[in-house]
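Novice: Attaching a single structure in structure tokens format; questions to follow.
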Amino acid sequence: MICKSCGNRMRKLDRRNEMAELNDDATEGQMADYFAAEASGDNDAWNLGIVQYECRRCKYILETQSDELMSYDRLIHGWHDKAKDQDDPFSSFVFEYLSFIAHLKHNLYFKATSDREAIQNLKQDGRLAEAYLDRIRSEHGLREAWESLIRELASRPLHNSSYDLENPEIDKWWNCTESRYEDYQDRAKGAVHDLADWSNMVEFWYAVRNNLFHGGKDPDVKRDEFLVSNAFLTIRRLMDIEFQT
């Protein structure tokens, strides 16, 4: 959504369904339908979909209204289901990542205006961090996957090849939880440091996504297959938590 006043891109503040107000001249039948919908919690024909935007430059708030908001849940669950049916880990990770990032941006952090902003929001999400780290402690396979990744990345940190395939560099966002990466450079970058390093676990998924989507991962290279296979396994467990499976 572009601000008509200054041309700046507006950010989404809220996305919700509400019941429309009952008109003063409503008939008895309409009133009965309205109160029945209100009591059941199903807005039905009285539904009003509201999306709220803000221009941070003008401090202008805009609300759009529609009869029904589009639900992305079918796509998100569909990608998650499709991921497990693929014959190779590269395809599986692609579908799982699509489910993951759509869930972040449309269900959890809809104020985020970019994938990077959504990723940083996830790093700061105490609820998901606690649930995921608890799953690592309780599930041997998940814990073993992260232990293998920790050892591999300690010996060979993960570089970002999405900008330059011939000269990959380690991304600046490792060890960074907030929006300013300059304040988080006291630890080695490109690695997950331990089984409680939630922030860099999230960064690992995003780094693998960048390299894979931009051609920096080769299915015939064993290390690439190892990284992508474990990226799929570990990110899928996060989505399983969200879907409670």
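Novice: Please give, to one decimal in nm, the separation of the simple spin-label points placed at F226 and T113, each 7 Å out from Cα toward the Cβ.
Specialist: 4.1 nm
Novice: Rg(Cα) of region 73-243 divided by 2.2 N^0.38 Å? Before the final figure, lay out the partial values.
Specialist: Working: Rg = 15.0 Å, N = 171, 2.2 N^0.38 = 15.5 Å.
The value comes to 0.97.
Novice: Of K84/K111; K4/K59; K84/K172; K12/K172; K12/K123; K105/K189, which ones are farther than 23 Å apart at the Cα?
Specialist: In this structure, K84/K111; K84/K172; K12/K172; K105/K189 exceed 23 Å between Cα atoms.
Novice: So if each residue of separation counts as 0.36 nm, and I subtract the Cα-Cα distance between E178 and R127, what length gain in nm does that give?
Specialist: Working: separation 51, 0.36 × 51 = 18.36 nm, distance 1.64 nm.
Residue separation times 0.36 nm, minus the Cα-Cα distance, leaves 16.7 nm.
Novice: Over region 73-243, what is the relative contact order in whole percent, taking alpha-carbon pairs under 8 Å and six or more residues apart? List each step's numbers first, then the result.
Specialist: Details: 201 pairs, mean separation 44.5, N = 171.
About 26 percent, as a whole number.
No value in this document is a laboratory result; all are computed from the given coordinates. All figures in this text were calculated on a predicted structure; none of them were measured in a lab. So basically every Cβ, Gly included, is an ideal-geometry build from the backbone, and we count neighbours across all protein chains shown.
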